[in-house]
Structures are given as C-alpha cells and as structure tokens.
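The values are calculated or read from the model by the stated rules, or taken from the named source; none is laboratory data. The structure presented is a predicted model; accordingly, all values stated were derived computationally and were not measured. Cβ placement follows ideal geometry from the backbone for every residue including glycine, while neighbour counts extend to all protein chains displayed.
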Amino acid sequence: MSEAKLVKFKINGQEIEAPAGTMVIKAAHEAGIDVPHFCYHPGLTPDGNCRMCLVEASNARKPVASCVTPVAEGLEITTDSDTVKEAREGVLELMLLNHPLDCPICDKSGECMLQDNVYDHGPDNSRMTEPKMMKPTKDLGSTVALWGNRCIVCQRCTRFCEEVSGTGELAIIHRGDSSVVDVFPGYPLENDLSLNTVDICPVGALISKDFLYEARVWNMKDTPSICTGCSKGCNVEIQQERNQTRRIVPRHNPEVNDYWMCDEGREVFKPAVSEDRLLDYQLRTADGTIDTNPKNAASAIFNGLNQVSANHGTQAIAGIGSAFMSCEELYVFKLLFDGLQTPHLGAFSRPQREAKSFKQFEIPGDPNPNRLGVERILGREALEENLEKILSGIQNQSIRGALIFDDLLDWDLPAEWQSALSQLEFLAIFSLRDRTHLPQHSCLLPATTFGEKDGSMLNGEGRLQRLRIATQLPRTIRYEHEILQQMQQELGMRSKVVPPSALFKEMGKAVWPQLEISTIRELGDQGIQVESPTENPQRATVS
Amino acid sequence: MAELDLSKYEKILFKHVDQEGSDTIDYYLKHGGYEGAKKAITEHRPSEVIDIVKESNLRGRGGAGFPCGVKWSFVPQNTDKPKYFVVNADESEPGTFKDRVLIERDPHSIIEGIIIGSYAIKCNVAYLYIRGELVYGYEQLVKAVKEAYDKGMLGKGLFGTDYNLDLTIHRGAGAYICGEETGLLSSLEGKRGQPKIKPPFPAVEGLFRCPTVVNNVETVCNLQHIINRGAEWFKNIGPEKGPGPKLLCVSGHVNKPGTYEVPMGINLKQLIYDVAGGVWKGNKLKAVIPGGTSAKVLKAEEVDVPCDFDSMMAIDTMLGSGAVIVMDDTTDMVDALYNIIRFYHHESCGQCTPCREGTGWLEKILKRIMAGHGRMEDIDTMLNICDRMVGKTICVLADAAAFPCSSIVTKFRSEFEAKIQQGAGYDKRIFTGGPLVQPGAVSRHNQERRKDKDTPNRISLDPELISKPSQSKVETTS
C-alpha cells in the first residue's frame, strides 16, 4: 500500500500532521489529546453512533463526530470549547438515563468507559425522576451473559461479530430506547472469539461468565506477557490478584493478534490454579523412602541418571523436553544432555488440530507455543524422529533412564508411552499434575507453567516474544531451569545458577547468529521477528 | 399579502386524479402520457436533461427542499460502478398524504418521472420504496409497472433507443426512519433501517455502496411536465427560487381537510381559510404546523406567510413535506405535543444516544405533566433536552422531535404552566396516554353488530352452559 499523503491540520491550535483519510479521533489520540468516546474502537470500522466524541470542526456548522470525520488540509478542530463540553455532558446525561448505575455489583466497574467518562465529563446528578427502562438479563451463549439494562447500544459487539469473527450472531433488536443487544433465537453466541465482545464492551452489558464475580478489577495487577495456548503467541495482559491469576485479556500487537485473542487462550492459566496441581517433590531415595526437599531434586535426578549411565553406558539415558518449555529452558536442557553425552534428545508436543479461520483472525492448527523454538534449539528431528527412536529404545531396553517434561497443560501422555515408561530403571518427570498413579517414577517433580516463567518463546510466525512472571511460584516449587542448571553444576559445566535473562544472553547469538539484540529486555512488549514467516506451519492442518 | 387567484391556476399534478380510470395506462397514454419520457430519451442527452431540471429550479418535495438537478449532478460521471435511482414513497411524516394520492390514482406519472430521472443519471436499475402500510397503493403500483412493461415503457430498448431500465418495487416494513434517505437505503439493502453517516452522500456512495439518487414521489412527478413544457414555464409558477406546483395536505380542525394542489408560494392563510374552508365549527385558529410534525409550530398571528421553502425558512420553520396541520382554539397544546413526542419516541431507531434517550425522556416528562404531576422546572428541562438533541445526531430525527417540542413549549409556555399548576385536578378524559384504541371505543362495524342482537357471530352466554362445568367440578372433587 502506498503511503497516504500527509495533511496538516490543527487541534486546539496545535499543529498536527496525519495521513489523509485518518479520522480526527485517531489523530488526536496519537497526538495525546483526549477525545472521550464509546463506540469508536481502533480495531473496528467507525460507526459514529454514541455521539460522545463530538468536536467542533471549522468546516461544519454543527458539532461533528470525530470518529467519522476524516482529517483535511487546514482543518481546525476544537475539542475543549464550551459547546463541546455541553454536548458531552448532554450525551452522558442521556446515556445515564436508563443505565442502572449498579456499579457496586457490576464486573466492569473500575474499567468501565462510562464510569471514566462520567467522572471526567459528566453531570453530577440526573434530572430524570421517572422509572428507567428495563431490559432482559440473559445468557447469550456458553461464555457470555448479557445485562441488558447496562447496554448503551454502542454496537461495538455487533460490529465485532460482523467484521472480525464474521459470524454475525449479535444484533440490536427493538427500536429507540428499548433497543438492546441480543442473539437470534436458536443461534447463541458460540464462536471461538466470543469473549472479545466482553473486552470491547465499554460498559458491563456483556460479561464473561467465567470471570463473573471473580475479582474487582482495581485489585488486580497487570503483567504483559504472551499466551501459551498455541503457536500464535497472542500478546496478553495477565491479571492477578493475591498471586492468583484471575483473567487473561488480549494486548494490542498489530503483528500478532491485533486487539483480539481466542476464548481457549483465556483458559491457559487454569492448570496453574487447578486443584489437582502437583505441588510437592517426590524423590525416591535408595532405601525406598520419599524425599520432598526441593533442594535435593537436582542431585537426586543427576545421581539417578549417572547410575544408569554407569551401569549401561551414556547411550542408555534420554531426555524429553516439550514444546511448552521456554527457549531458555530448552537451551539449558540441551546443554545438560550434551554434557551427559547422550544423543537421545526429544520433545513432546500436542497433536495438531484443525486451524480455524475467521474474517480477521486466525487460530492456528498448532497448539504448541514454542514448537519453532524446539526445532531451532533441539533440532527439527527432536519432535518426531527422535521421539520414535527413544520410544523403541525404551521398549527394547536399550534406554534405561530418562528425564521427561510433562507440562503440556491438560494433555496426557499417550498409552504406549505410559506403558513404555514403566519399563525404565530411572524416571524423573516434571509434571503439572499429580502422577502418583504412575508407580514407576523415581522422581516426580512439579513443573512451572503459564504466568510463572520468565523467558522467551518463538511463535509459529518466527517471532521471538517475552514471557513474564505474573504470579510467584508456590513456595514448594523451584524453577526447572534452576534444577537443570544445578545438574550442570554437578557436571562441572556451570559455576553458578543464573536467571533466564542471563541464559538469554548466552543463548541468543548461539541459536540465532543474526540476532541483533543481546538482552531479553530488548525484546520489549511486542517481540522481535527473528525469522521470516516463509513457510507457515500455523496454517498446516492435520486431518 | 396578496392572494393568488386560484381559479386561473391549471392543475398539473392532480389534473387527472379525480377521473375514472386515471390509474390505467390506456387513460394515461390518451392524455399525453409518457410523452415527456419519450422526449427526454429521444431528443436529449442525459446531461441535457440534468441541465433542464437544474434550470427549472425544481426543489425536492421530500422535506429538505434540495435542488433536484444539483443533486443529480453530484453523481460521478466516470465510474464503473452501477448507479441507482431510488424513489422514496415511504411517506410517513405525520399529517402527510400527498404521495399516496399520486400512487393510488396516477401511478404512471411516477413511472414516467422515474424513467426521466434514471435516464438523466444514466442508471439502468430503479427502485421504488413504498411504505408497507400503503397496501392498495402497492397493488396499484404493481399493476401499473406490469402495464408499463407490457407496453414497452420499462424493460429493454425504451422508445426505440438502446436505453434499458428496470423498476423494482420494494415494500417497507413500517418504520418512520426508513423515509430518511440513508435509512431507506439501509432498509433497501436488507439491513436494519438505520441512517448512515454523511458524507459520503448517497450520490457518491449510496445503495450497495454505489452512486444513488433518492427522490420523492412528488418530485419525480414534476419531471415530465418540465421536459414537455420547458424550464421557463415551470419557473413562472410561484417563486423563482423554488417554483412549481405543490401538494399540500391540510388536516386537523378545518372544514375541508384534504390534499390540494396549489402553486408554490400560496399564502398559508389563504390555504387554510380559502382552499380548506376555514377552521371548523366557527372556532378560532390557534396554531398551525406547516410542514409535518417535524416543523416548528406557527401561532395564529404568524400564518400570514407564503408556502415556499425560503419564506418558511425565514420565519424559522419549514415547508417540509407540506403537511399543514391546523389546530383550533380548543386544542390542548400539551396534549398535542405529547402526541407528537410519543410518535418520535416510538420511531427513534435507537442508533444515536441523544435521540434514543432524549425522545423517551421527553415523552416521560410530558406523560407526567399530562397525568397532573408536572413540576415547573420540567419546562426548562424539556427545552434543555431539546437543545442537547438538536444537531448532535447522524440523521435529523432528533431535530424533528426537538423542533416541535421547543417551539410549542416556547410559544405556548403559559399553557404548560397552567397545566402544571392545575396539577392532579386536570381533567383526564382527553388524555391520549392510554392505548391507541381507547378502551370502550367501539368501531362502526361493532356498533352495527351490537344493534343487531340476532347476529349469529355473537357469542351468546347461555346460563346453563356456564353453570355446567362448575357442577361437574364439584362432583369430581367430592
């Protein structure tokens, strides 16, 4: 697309340049000038129905809606005149007429645009004494519920369903002040992007049933991170309260997910807070007792593997990572097993699923967040070829000891692996779930998961993105990379345990020679494209 | 102001509507029908037709009074998109019933106008959007279009040229807002009838995002006469800046309500007292709404004004759709305003906040005043709400609701104050706040049925039949 011509115009006397065709509200926001709005959303086509963004323009008699007014050469916009202020106050008073003002019990309270705008620009009381309109409260689908009374009919959600998901379940029904969002009978709001309508709802009309009454938003702390639900690597904001993740919301990244994310991705924190999460180390000692001290984990695994190696040779041990580990963890894992002198290095990955394509959003078929990272660090063959070799090695007793990572969220090991692993002399498993039903394990170690790790991941399009720690680990758990580094220490490969940021420094140039940055900090919030997305494994579908 | 001598005025639009069979193509052809279309297509190039109409100063009869030729000239000439000509027959402004007469009594004059307009903007597909409630009119139009197709007035190769035109009639589903240009186009596209943001104007991007001209029925009926008799002749009728015949619908408290064809610029007083036979029952005139309920009201002393777009604009009201609603001195202006606002509340599409909420609020306040619970501050609140509605929405429905409200409240403020002071003692019998059909109101049909008690349709309540179920119930329980 050719660069649009720049036009010069003024907002409140301030000279501003913007490409021709830009809407005034966007130019104003980019220049740092506040223009309050409801129906305008940068990811949707402007509709101009809320009338909150009215400004005065030199080319119009009446106040114009800045979200539908394109900039023009020499245009003079006024956003703070008395007319504009009066218009804003008028719109807000009218908007509150039939709004129930049930902020104390509304989930949106604290991040509600109506609240914010009324505090900033609104009247301090209402002159209406008549009863308000009543609209239905109902379920729109399995994920979203509607509080009709709170709806201000901005039509953001209906536009989302038309333009982004392309499914068109939502519509405005009735007329005038009875109009409200609804679904058609028999066609509930069931699409994989449905919860985005909740995010973009400026008020609490559409509410996520999963998050309903879970937390007050002002108590939650936000951490920018990425979703580890699939290879898209949507940029998200992890919101936690008292060290417990409550909700994940999408974060704008035009290169990856724009303003949206899928419903499934919002569930990735569930294993971390699930009741059957493994929290204790179970290290089987020589005399058959169970040691739960995390400090002994590294030596227990190291000694176990060493024992096997001494008895059957270094070829008899194997390491299996997973496509859910961060690049840093994979890097230490790779170094460790290179040090142990075994070629048996594989990685588990979840099976491919059907990719889903929406009008403006793709959900890739690859459910593994760091498959490309595994391919780059452990090698392309680790995911399939090596795994098969290891499986047959275990079955024909040539491999006697293994360290495996089973942190693939709710995915369970295939049956042939479960039976094969029982033949091992020594087995150490990093797992999210309690696997005491696998009696053969020698060491059962709790794994860390989404929202707890620092590090980086390479998404399906070859973009290196930063994971951040949102919640502190449960007190009993140590990071995997620490345990792996301690094992390296036992081998004499490493003098001290370092954080992931230091590992990134070691790893960066070794894995991607052309990488221009040296510290993980430089990845920033938006990540860096380290590989060109030539072949697109995201869209590969496996039937 | 000088009175026009209407006896010399030759009817143009309504010349044939009173005649038997005026809706058939045979009658129409016998009286010079389709000559204008034939002349336009065979003798003029499209740009010449636009020039003639521009020259004639024909202004749109839908309400805004925008010059018709100028509107046509906005259609881009060099575009590969199809163009559309849409005729707005969604006549729904309260008090307006002028297009209906043309549709039902002279449908071929509309079709002829459509041919000329479509030819002028070089489009091959025209739509006629007719109000859903006009069932008879729809049937008449369907019949007329079929006749026109049969006689080769529509379809392929009109009048021996290579010009093709297809006309589709589309029925609305009963929404006032679909009479608004862009709301009509949304509805015609199959969407919810909500007005669109202008710009882009329909002439640039309208129906199906293609250049579209939307004209009123009465506007297109003028075209053939302009082509036939020339722009000069047309300009001599009425004021030069907005000439031509005008259909005015006089309703309310007059002796002879109806649709009248008059030359543009007729004095409103002459229209009421002369043409429409004066205020009924010998009562005095109290107020006149000159252009549909969306226009600002005129007090009795203000009615000495010519009925044309500019003169009405000068006294801060509008000719609008030409619906003159006359109110005599027995009229309760609070009730009248409540009736008007109730309509706009019901018809607001709900897209823009000021209109969606404002109309509802106004109705609630007026309803409360009508019920005798008004407060003095309500009057200023209403004026303030109107102020917050005007000019702040996508279409002009908010203005249309606010203009009558602010004008009636300002001009008849004392009545509102009196009603509020009267409080709950107010006689509620003429309160229109109930259901549209008053309980107890009996239609003529039912009145006659009641007179004739032997009508078999009547359910007769036989005392024995009533008592039987209860007896059986007692038996089963015991």
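Can you pull out every residue in the stretch A:114-153 that is within 27 Å of the chain's Cα centre (by Cα) and within 13 Å of chain B (Cβ to nearest Cβ)?
Going through the stretch A:114-153, the residues within 27 Å of the chain's Cα centre (by Cα) turn out to be A:114-116, A:139-147.
The answer is A:L114, and nothing else.
So that you can scan it fast, the table gives a plain yes or no per residue for (1) within 19 Å of the chain's Cα centre (by Cα); (2) at pLDDT 95 or above; (3) within 14 Å of chain A (Cβ to nearest Cβ):
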| residue | (1), (2), (3) |
| --- | --- |
| B:D304 | no, no, no |
| B:M312 | yes, no, no |
| B:D328 | no, no, no |
| B:Q351 | no, no, yes |
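Which numbered condition in (1) more than 8 Å from chain B (Cβ to nearest Cβ); (2) closer than 16 Å to A:I33 by Cα is the only one that A:G74 fails?
It is condition (2) that A:G74 fails.
For the condition closer than 29 Å to B:T293 by Cα and surrounded by fewer than 22 Cβ atoms within 10 Å (Cβ to Cβ), what is the one hit in B:E91, B:E104, B:E48?
Exactly one of B:E91, B:E104, B:E48 is closer than 29 Å to B:T293 by Cα and surrounded by fewer than 22 Cβ atoms within 10 Å (Cβ to Cβ), namely B:E104.
Specify the residue that is farthest from A:E506 (Cα to Cα); the eligible residues are those in the stretch A:332-354 that are in contact (Cβ under 8 Å) with a residue 24 or more places away in the chain and of a type in the set (D, E, K, R).
For the stretch A:332-354, the residue satisfying everything is A:E354.
Suppose we filter B:V101, B:V70, B:V53 for residues that are assigned to a helix (DSSP H, G or I) and touching a Cys at 6+ places or on another chain (Cβ under 6 Å); which single one remains?
On the way: B:V101 fails: touching a Cys at 6+ places or on another chain (Cβ under 6 Å); B:V70 fails: touching a Cys at 6+ places or on another chain (Cβ under 6 Å).
After applying the criteria, what remains is B:V53.
Counting only residues that are of a type in the set (A, V, I, L, M) and surrounded by fewer than 18 Cβ atoms within 10 Å (Cβ to Cβ), which one in the stretch A:476-496 is farthest from A:Y281 (Cα to Cα)? Talk me through it step by step, then tell me what you get.
Going residue by residue through the stretch A:476-496, those that are of a type in the set (A, V, I, L, M) are A:477, A:483-484, A:487, A:491, A:493.
Add one more test, that the residue is surrounded by fewer than 18 Cβ atoms within 10 Å (Cβ to Cβ), and what stays is A:491, A:493.
Numbers: A:L491: 22, A:M493: 25 Å.
Checked the stretch A:476-496; the qualifying residue farthest from A:Y281 (Cα to Cα) is A:M493.
Looking only at the stretch A:219-246, count every residue that is under 10 Å from the mean Cα position of the chain (by Cα) and assigned to a strand (DSSP E or B) and tell me the total. Break it down stepwise before answering.
Taking the stretch A:219-246 first, the residues under 10 Å from the mean Cα position of the chain (by Cα) are A:224-230, A:232-238.
Pick out the ones that are also assigned to a strand (DSSP E or B) and you get A:224-226, A:235-238.
Summing the residues that are under 10 Å from the mean Cα position of the chain (by Cα) and assigned to a strand (DSSP E or B) in the stretch A:219-246 gives 7.
Conditions tested, residue by residue: (1) without any contact (Cβ under 8 Å) to a residue 60 or more places away in the chain; (2) among the basic types (K, R); (3) touching a Phe, Trp or Tyr at 6+ places or on another chain (Cβ under 8 Å).
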site	(1), (2), (3)
A:A470	no, no, no
A:T476	no, no, yes
A:E490	no, no, yes
A:K509	yes, yes, no
A:L515	yes, no, no
A:S518	yes, no, no
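Quick one: would you say B:G63 is outside any helix (DSSP H, G or I), at pLDDT below 90 and on the phi > 0 side of the Ramachandran plot?
Numbers: outside any helix (DSSP H, G or I): yes; at pLDDT below 90: yes; on the phi > 0 side of the Ramachandran plot: yes.
In short, yes.
Can you pull out the residues in the stretch B:113-135 that are part of a loop (DSSP other than H, G, I, E, B) and of a type outside the set (A, V, I, L, M)? I'd like the intermediate steps shown before the answer.
First pass over the stretch B:113-135, keeping only residues part of a loop (DSSP other than H, G, I, E, B): B:121-124, B:131-134.
B:K122, B:C123, B:N124, B:R131, B:G132, B:E133, listed by residue number.
Please go through the stretch B:359-378 and give me each residue that is more than 11 Å from B:Q422 (Cα to Cα), under 29 Å from the mean Cα position of the chain (by Cα) and more than 9 Å from chain A (Cβ to nearest Cβ), ordered by number.
Of the residues in the stretch B:359-378, the ones more than 11 Å from B:Q422 (Cα to Cα) are B:359-368, B:376-378.
In the following step, the residues that additionally are under 29 Å from the mean Cα position of the chain (by Cα) were identified as B:359-367.
Those that are more than 11 Å from B:Q422 (Cα to Cα), under 29 Å from the mean Cα position of the chain (by Cα) and more than 9 Å from chain A (Cβ to nearest Cβ): B:L362, B:E363, B:L366.
Checking B:D162 against (1) surrounded by 15 or more Cβ atoms within 10 Å (Cβ to Cβ); (2) over 21 Å from B:A398 (Cα atoms); (3) modelled with pLDDT under 95; (4) of a type outside the set (A, V, I, L, M, F, W, C), only one condition comes out false. Which one?
Of everything listed in (1) surrounded by 15 or more Cβ atoms within 10 Å (Cβ to Cβ); (2) over 21 Å from B:A398 (Cα atoms); (3) modelled with pLDDT under 95; (4) of a type outside the set (A, V, I, L, M, F, W, C), B:D162 misses just condition (1).
B:A295 is checked against (1) away from chain A (no Cβ under 14 Å); (2) part of a helix (DSSP H, G or I) and fails just one. What number does that condition carry?
(2)
Can you tell me which residue is farthest from B:L397 (Cα to Cα) among those in the stretch B:307-322 that are surrounded by fewer than 22 Cβ atoms within 10 Å (Cβ to Cβ) and either of a type in the set (S, T, N, Q) or touching a strand residue (DSSP E or B) at 6+ places or on another chain (Cβ under 9 Å) (or both)?
Going residue by residue through the stretch B:307-322, those that are surrounded by fewer than 22 Cβ atoms within 10 Å (Cβ to Cβ) are B:310-311, B:313-316, B:318.
Add one more test, that the residue is either of a type in the set (S, T, N, Q) or touching a strand residue (DSSP E or B) at 6+ places or on another chain (Cβ under 9 Å) (or both), and what stays is B:311, B:315.
Numbers: B:S311: 23, B:I315: 21 Å.
In this case the residue turns out to be B:S311.
Out of the stretch B:187-204, which residues are away from chain A (no Cβ under 13 Å), in contact with a strand residue (DSSP E or B) (Cβ under 8 Å, 6 or more places away or on another chain) and outside any helix (DSSP H, G or I)?
B:P202, B:A203
Please verify whether B:V135 is free of Cβ contacts under 8 Å to residues at least 12 places away in the same chain, of a type in the set (V, I, T) and either surrounded by 23 or more Cβ atoms within 10 Å (Cβ to Cβ) or in the same structural domain as B:S109 (by TED's automatic domain parsing) (or both), treating the condition exactly as stated.
Values: free of Cβ contacts under 8 Å to residues at least 12 places away in the same chain: yes; of a type in the set (V, I, T): yes; either surrounded by 23 or more Cβ atoms within 10 Å (Cβ to Cβ) or in the same structural domain as B:S109 (by TED's automatic domain parsing) (or both): yes.
Yes, satisfied.
Would you point out which residue out of B:L184, B:L141, B:L223 is closer than 21 Å to B:S321 by Cβ and either part of a loop (DSSP other than H, G, I, E, B) or free of Cβ contacts under 8 Å to residues at least 60 places away in the same chain (or both)? Outline the logic, then answer.
Values: B:L184 fails: either part of a loop (DSSP other than H, G, I, E, B) or free of Cβ contacts under 8 Å to residues at least 60 places away in the same chain (or both); B:L223 fails: either part of a loop (DSSP other than H, G, I, E, B) or free of Cβ contacts under 8 Å to residues at least 60 places away in the same chain (or both).
So the residue among B:L184, B:L141, B:L223 that is closer than 21 Å to B:S321 by Cβ and either part of a loop (DSSP other than H, G, I, E, B) or free of Cβ contacts under 8 Å to residues at least 60 places away in the same chain (or both) is B:L141.
Out of the residues in the stretch A:220-270 that are out of contact with any Gly (no Cβ under 8 Å at 6 or more places or on another chain) and over 24 Å from A:D107 (Cβ atoms), which is surrounded by the fewest Cβ atoms within 10 Å (Cβ to Cβ)?
By that ranking, first place goes to A:P254.
A:A298: outside any helix (DSSP H, G or I) and touching a residue at least 12 places away in the same chain (Cβ under 8 Å), yes or no?
Values: outside any helix (DSSP H, G or I): no; touching a residue at least 12 places away in the same chain (Cβ under 8 Å): yes.
Taking the combined requirement at face value, the residue does not satisfy it.
Okay, residues lined up against (1) buried (at least 24 other Cβ atoms within 10 Å of the Cβ); (2) in a loop (DSSP other than H, G, I, E, B); (3) not hydrophobic (A, V, I, L, M, F, W, C):
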{"position": "A:R350", "(1), (2), (3)": "no, yes, yes"}
{"position": "A:R353", "(1), (2), (3)": "no, yes, yes"}
{"position": "A:L372", "(1), (2), (3)": "yes, no, no"}
{"position": "A:R376", "(1), (2), (3)": "no, no, yes"}
{"position": "A:N386", "(1), (2), (3)": "no, no, yes"}
{"position": "A:L391", "(1), (2), (3)": "no, no, no"}
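Tell me, please, whether a residue that is facing chain A (nearest Cβ under 8 Å), touching a helix residue (DSSP H, G or I) at 6+ places or on another chain (Cβ under 8 Å), hydroxyl-bearing (S, T, Y) and surrounded by fewer than 24 Cβ atoms within 10 Å (Cβ to Cβ) can be found in the stretch B:382-396.
So far as the stretch B:382-396 goes, no, none of its residues is facing chain A (nearest Cβ under 8 Å), touching a helix residue (DSSP H, G or I) at 6+ places or on another chain (Cβ under 8 Å), hydroxyl-bearing (S, T, Y) and surrounded by fewer than 24 Cβ atoms within 10 Å (Cβ to Cβ).
Contact list please: Cβ distance under 6 Å, first residue in the stretch A:82-100 and more than 7 Å from chain B (Cβ to nearest Cβ), second residue buried (at least 24 other Cβ atoms within 10 Å of the Cβ), pairs at least six apart or on different chains.
A:V84/A:V55
Give the residues of the stretch A:25-53 that are within 14 Å of chain B (Cβ to nearest Cβ), crowded, with 21+ Cβ neighbours inside 10 Å and within 21 Å of A:P254 (Cβ to Cβ), sorted by residue number.
A:I25, A:H37, A:Y40, A:P46 - these are the residues of the stretch A:25-53 that are within 14 Å of chain B (Cβ to nearest Cβ), crowded, with 21+ Cβ neighbours inside 10 Å and within 21 Å of A:P254 (Cβ to Cβ).
If I filter the stretch A:162-199 down to residues being within 14 Å of chain B (Cβ to nearest Cβ) and touching a Gly at 6+ places or on another chain (Cβ under 6 Å), which single residue comes out as surrounded by the fewest Cβ atoms within 10 Å (Cβ to Cβ)?
A:E162
Applying the selection to the stretch A:39-70, what residues are over 35 Å from the mean Cα position of the chain (by Cα) and of a type in the set (A, V, I, L, M)?
The initial filter retains those residues of the stretch A:39-70 that are over 35 Å from the mean Cα position of the chain (by Cα), namely A:55-64.
Once the filter is applied, which keeps residues that are over 35 Å from the mean Cα position of the chain (by Cα) and of a type in the set (A, V, I, L, M), the stretch A:39-70 yields A:V55, A:A57, A:A60, A:V64.
Among the residues of the stretch B:358-378, is any surrounded by fewer than 24 Cβ atoms within 10 Å (Cβ to Cβ) and on the phi > 0 side of the Ramachandran plot?
Yes, the conditions are met somewhere in the stretch B:358-378.
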